[in-house]
Amino acid sequence: MTNHGRHIGLLIVIAGLVLAVTSCEHHDPRFTTSAVEDRAAIPVLEAHQVTTLISDSGVTRYRISAPQWLVYDKSTPPFWDFPKGILLEQFDQKLKVEASLRADFAYYDTDAQVWRLRGHVRAKNKAGDRFMTEELYWEQPTERIYSDSAIAIQQQKTIIRGIGFDANQNMTQYTIRQTNGVIPVKD
């Protein structure tokens, strides 16, 4: 067989292999149509070690920090997920933290503008009162914060406990349901 015959034979073998490989069906689970069809289950954004500042009239007022932030824009309703926790801080005019809110898990419904915070929820208002609960809701349109879970509020000299509470957005005015606590009284 001549060199020319070998080259033609080699080309036929290569062409046969290419046809065999391209005609085989290969299913990579990352590229299945079900993933595309269920777009609501895939976050459009996944960010790690996030810190963002929010300003009001050119003045930095808030900071949000989270180890992980997932944005689901195609789900019903669309939402943000903070599966590894969140820290929200409010600043005064000199950028000193005057209030904060921390939780192990946070969920934000972007349509309703409602936050749901769960797991070791800890908040501190401008007066220094500390709130401790396992679940808290913050409705931004109504500027209302509430919970039906057990709550403990530590003030300067008292600790008030209850089951459920309602508060304004700044947590400076609040009502505790099913209350109990120890209040020191002078003799």
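For the reader, a short list of remarks on this structure follows.
- Test: residue in the stretch 27-34 that is surrounded by 10 or more Cβ atoms within 10 Å (Cβ to Cβ) and at pLDDT 50 or above: yes
- Here residue 69 fits the description: crowded, with 17+ Cβ neighbours inside 10 Å, in contact with a His (Cβ under 9 Å, 6 or more places away or on another chain) and either in a strand (DSSP E or B) or charged (D, E, K, R) (or both).
- Taking (1) surrounded by 11 or more Cβ atoms within 10 Å (Cβ to Cβ); (2) modelled with pLDDT of 90 or more; (3) over 23 Å from residue 112 (Cα atoms) in turn, residue 9 satisfies each apart from (2).
- Residue-level check: of (1) at pLDDT 95 or above; (2) touching a Leu at 6+ places or on another chain (Cβ under 8 Å), residue 88 misses just (1).
- The stretch 67-85, residues that are at pLDDT 95 or above and among the basic types (Lys, Arg): 84
- Any hit, the stretch 37-59, residues being more than 25 Å from residue 88 (Cα to Cα), modelled with pLDDT of 85 or more, surrounded by 10 or more Cβ atoms within 10 Å (Cβ to Cβ) and among the β-branched types (Val, Ile, Thr): yes
- Considering residues of the stretch 116-172 that are among the polar types (S, T, N, Q) and under 13 Å from residue 103 (Cβ atoms) only, the residue surrounded by the fewest Cβ atoms within 10 Å (Cβ to Cβ): 149
- Under the condition of being surrounded by 15 or more Cβ atoms within 10 Å (Cβ to Cβ) and either among the basic types (Lys, Arg) or part of a strand (DSSP E or B) (or both), the residues counted in the stretch 72-83 number 5.
The values are calculated or read from the model by the stated rules, or taken from the named source; none is laboratory data. Keep in mind the model is a prediction, meaning the values are calculated, not measured. With ideal geometry, Cβ positions are generated from the backbone for all residues, glycine too; neighbour counts draw on all protein chains shown.
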